[in-house]
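The values are calculated or read from the model by the stated rules, or taken from the named source; none is laboratory data. The structure presented is a predicted model; accordingly, all values stated were derived computationally and were not measured. Cβ placement follows ideal geometry from the backbone for every residue including glycine, while neighbour counts extend to all protein chains displayed. Calculation scope for accessible area: heavy atoms of the full protein, side chains included, ligands and nucleic acids excluded. Shrake-Rupley method; radii C 1.70, N 1.55, O 1.52, S 1.80 Å.
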Amino acid sequence: MILEKVNYPEDLKPLNIEDKKILAKEIREKVIKTVSETGGHLASNLGVTELTIALHSVFNTPLDKIIWDVGHQTYVHKILTGRKNKLDSLRKMNGIAGFPKTTESVYDNFNTGHSSTSISVAVGMARARDIKGENNKIIAVIGDGALTGGMALEALNDVGSSNTNMIVILNDNEMSISKNVGGISMMLSKLRTKSVYVNSSLKGKKIIGRIPLIGKKVVKLVQKTKRGIKQLVIPKMYFEDIGFRYLGPVDGHNIEKLEDIFKICKEQEGPILVHVLTKKGKGYKPAEVNPDRFHSTSKFNIETGEKLSKGKKDYSKVFGDKLVEIAKDNKKIVAITAAMTDGTGLTEFAKKFPNRFFDVGIAEQHAVGLAAGMSKSGLIPVVPLYSSFIQRAYDQLVHDVAIQNLPVVICADRAGIVGNDGETHQGLLDMAFTNTIPNFNIMAPKDFNELENMLDFAINLNKPVLIRYPRGGEEISFEKCDEIKYGKAEVLEEGKDIVIIAIGKMVSKAIQVSEELKNYGIISTVINARFLKPFDNDTVLKKVVGAKKVITIEDGTVIGGLGDLVEQLLYENKIDVEFEKFAYPDEFIKHGSVNEIEEKYGLDVGSIVKCLKNQEKNIKIVKTNY
């Protein structure tokens with residue numbers, strides 16, 4: 001096997017093209033086998049196999065720096081940079097990450113995880129290189145889906161006018177997670193249909209330029225004529241018009257052609273954009289046919305492509321089904337997604353109400369701004385976004401929605417710990433950063449039924465609302481579900497010893513903790529907060545008076561969430577009671593399964609019970625005594 005001999009990029013240099021073709025096949029087989037056992041991002045990695053081999057063959061990494069946009073397509077890169085024998089630990093606790101990590105390898109030049117950031121980072125590194133007088137290549141690898149993000153377009157605009165020496169590799173597979181949409185996608189589709197044009201040789205320009213008297217005039221005439229021809233061949237020439245030298249399109253699965261074009265890039269000056277055409281899922285038929293399903297997958301059967309665990313009802317599906325139900329009668333409801341139609345449960349809505357469904361591409365800021373404009377015009381926009389992606393639209397939440405008190409419903413999907421994707425995808429900050437925004441109302445359901453009721457309530461509230469819910473399914477389906485009233489909590493159990501206040505997913509843990517404590521003669525009051533904002537001070541105050549202990553349980557950060565609200569309430573009312581917060585610490589939580597992470601940070605039922613019985617001294621919690 002060729003792969004056995006390849007551990008680092010320098011091992012690629014002696015290989016011929018035929019060897020590299022064999023290597024690409026062997027790497028695909030390794031990636032498919034690994035992801036079938038660990039889960040992860042499959043289709044995108046299969047699509048960049050030859051591209052990654054060619055990049056590391058031509059460029060001198062790690063001196064030359066590759067910045068991978070998003071970074072979920074770096075499994076092949078990791079195999080070629082000393083980590084092939086660790087691939088079976090992919091996305092597992094204490095194993096290698098599913099994204100680039102600078103602490104993991106000198107070949108990982110920047111931590112990425114969200115889209116559209118690579119060009120900004122790369123030009124920053126290129127300018128730092130120039131200031132320091134260094135001489136190396138900086139390469140940003142970005143997908144066509146990520147190119148729809150505003151940050152990428154801002155960076156292109158800056159780089160094009162700067163004449164900075166750097167290379168942008170546009171990996172064009174016509175996909176992000178869902179099918180790409182928008183004007184950029186339309187432009188690229190036109191580029192794909194045209195023949196490859198070849199840029200004039202710099203050497204040729206120099207020769208003609210030396211001809212006495214007329215040389216420079218001839219060069220200018222040729223350039224003007226060539227540009228006119230290109231305008232006919234490739235409409236609008238967007239990239240060259242803003243200052244890039246455009247090369248391509250080139251077959252992203254032809255290693256020889258890729259290497260040739262990268263060698264040309266090394267000799268060019270100024271910003272260069274190489275347009276590479278790839279197929280997502282290349283080499284594995286199920287992923288080629290269904291690249292969106294294999295964008296991020298759980299464990300699966302290699303022969304059939306079928307997932308080993310059967311899909312269960314989850315919060316995203318419950319949200320999507322309920323929204324369809326409400327929208328049948330309420331014609332003002334519109335749904336907006338940022339390239340996550342299926343991931344956020346909007347597939348059925350898009351089919352049933354195509355005129356009220358809007359996919360804006362990977363553009364969360366625009367999604368929220370669009371929603372604000374629709375709301376101001378009398379519609380009721382519902383915008384489901386992954387919790388960690390809402391961070392990208394913070395200014396729009398403040399400036400466009402909250403200041404004007406517009407009735408926009410933001411749904412924070414994947415709130416709390418999501419697990420194996422690690423720091424960039426954990427949804428721990430949404431409660432803290434929306435809790436500081438005036439006019440915003442924050443809710444979290446304890447189960448599917450309460451999510452449906454909250455969505456009904458939010459749509460009729462006529463105020464800005466954020467509803468947060470976790471990835472996956474419910475832990476407990478509660479029989480009790482009081483009518484939702486604005487800013488009111490729900491008391492689920494009454495007791496004299498401990499008051500447990502929980503929100504969202506953690507309410508089920510609160511009930512389980514309460515049941516376990518009964519075995520030790522400890523009887524608890526359990527409060528489902530429901531609303532983080534406005535918080536139900538009255539109900540909590542009535543229940544904590546006379547209690548021996550008060551605790552909060554939440555799947556957010558220890559700063560700025562439920563625990564802080566209760567702590568402040570106890571302090572202001574001078575209530576003398578022992579108080580403990582169970583929340584995630586003020587740090588970024590690395591990858592691992594949800595259960596492993598909860599256990600590590602003392603947020604599983606067993607750890608909480610042990611802590612309350614004073615049998616465990618090493619749980620990471622915040623404690624405040626009054």
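Laid out as a table, the results:
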quantity	calculated
Only one of VAL159, VAL168 that is part of a strand (DSSP E or B) and open to solvent by less than 10 Å² (accessible area, probe 1.4 Å)	VAL168
For GLU364: the one exception among (1) surrounded by 18 or more Cβ atoms within 10 Å (Cβ to Cβ); (2) farther than 19 Å from ALA393 by Cβ; (3) among the charged types (D, E, K, R)	(2)
Entirely in the range 1-87, the helices (runs of 4 or more DSSP H) that have 3 or more residues that are over 17 Å from GLU256 (Cα atoms)	17-38, 43-47, 75-78
Meets criteria (under 17 Å from LYS581 (Cβ atoms), hydrophobic (A, V, I, L, M, F, W, C) and crowded, with 17+ Cβ neighbours inside 10 Å) for VAL526	yes
Flag if TYR486 is surrounded by fewer than 17 Cβ atoms within 10 Å (Cβ to Cβ) and over 36 Å from the mean Cα position of the chain (by Cα)	no
Identity of the residue in the range 36-70, small (Gly, Ala, Ser) and touching a Ser or Thr at 6+ places or on another chain (Cβ under 6 Å), that ends up nearest to LYS285 (Cα to Cα)	GLY47
Every residue from the range 538-566 that is within 14 Å of ALA489 (Cβ to Cβ), crowded, with 21+ Cβ neighbours inside 10 Å and of a type in the set (D, E, K, R)	GLU554
Of residues in the range 28-62 being more than 24 Å from ASN16 (Cβ to Cβ) and hydrophobic (A, V, I, L, M, F, W, C), the one surrounded by the fewest Cβ atoms within 10 Å (Cβ to Cβ)	ILE32
Residue within the range 303-314 that is within 20 Å of the chain's Cα centre (by Cα) and either surrounded by 15 or more Cβ atoms within 10 Å (Cβ to Cβ) or assigned to a loop (DSSP other than H, G, I, E, B) (or both) present	yes
Every pair of residues 6+ apart whose Cβ atoms lie under 6 Å, when the first sits in the range 448-463 and is over 17 Å from GLN404 (Cα atoms) and open to solvent by 20 Å² or more (accessible area, probe 1.4 Å) while the second is modelled with pLDDT of 95 or more and of a type outside the set (A, V, I, L, M)	GLU452/LYS322
Matching residues in the range 94-148 - criterion: being within 20 Å of the chain's Cα centre (by Cα), buried (at least 22 other Cβ atoms within 10 Å of the Cβ) and among the aliphatic types (A, V, I, L, M)	ALA97, ILE119, ALA122, ALA140, VAL141, ILE142, ALA146, LEU147
Residue check, ILE67 hydrophobic (A, V, I, L, M, F, W, C), open to solvent by less than 40 Å² (accessible area, probe 1.4 Å) and in contact (Cβ under 8 Å) with a residue 12 or more places away in the chain	yes
Filter result (out of contact with any Pro (no Cβ under 6 Å at 6 or more places or on another chain) and in a loop (DSSP other than H, G, I, E, B)) within the range 244-271	GLY252, HIS253, ASN254, GLN268, GLU269, GLY270
Among the residues listed as PHE300, PHE239, PHE262, the single one being hydrophobic (A, V, I, L, M, F, W, C) and modelled with pLDDT of 95 or more	PHE262
Selected residue (criterion: farthest from the chain's Cα centre (by Cα)) from residues of the range 489-532 that are part of a loop (DSSP other than H, G, I, E, B) and under 20 Å from GLY560 (Cβ atoms)	ALA489
Sole exception among (1) within 26 Å of GLU450 (Cα to Cα); (2) open to solvent by 10 Å² or more (accessible area, probe 1.4 Å); (3) part of a helix (DSSP H, G or I) for PHE535, by number	(3)
Where a residue in the range 257-275 is farther than 17 Å from GLU50 by Cβ and its partner, wherever it lies, is in a helix (DSSP H, G or I), with Cβ under 8 Å and at least six apart	LYS266/VAL58; GLU267/LEU202; GLN268/LEU202; PRO271/VAL159; PRO271/GLY160; ILE272/CYS265; LEU273/PHE239
Condition check for ILE380: open to solvent by less than 40 Å² (accessible area, probe 1.4 Å), touching a Lys or Arg at 6+ places or on another chain (Cβ under 7 Å) and of a type in the set (A, V, I, L, M, F, W, C)	yes
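Per-residue answers, yes or no, for (1) at pLDDT below 95; (2) of a type outside the set (S, T, N, Q); (3) over 27 Å from LEU461 (Cβ atoms):
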position	(1), (2), (3)
ILE503	no, yes, no
GLU515	no, yes, yes
SER524	no, no, yes
ALA529	no, yes, no
LYS533	no, yes, no
ASN537	no, no, no
VAL540	no, yes, no
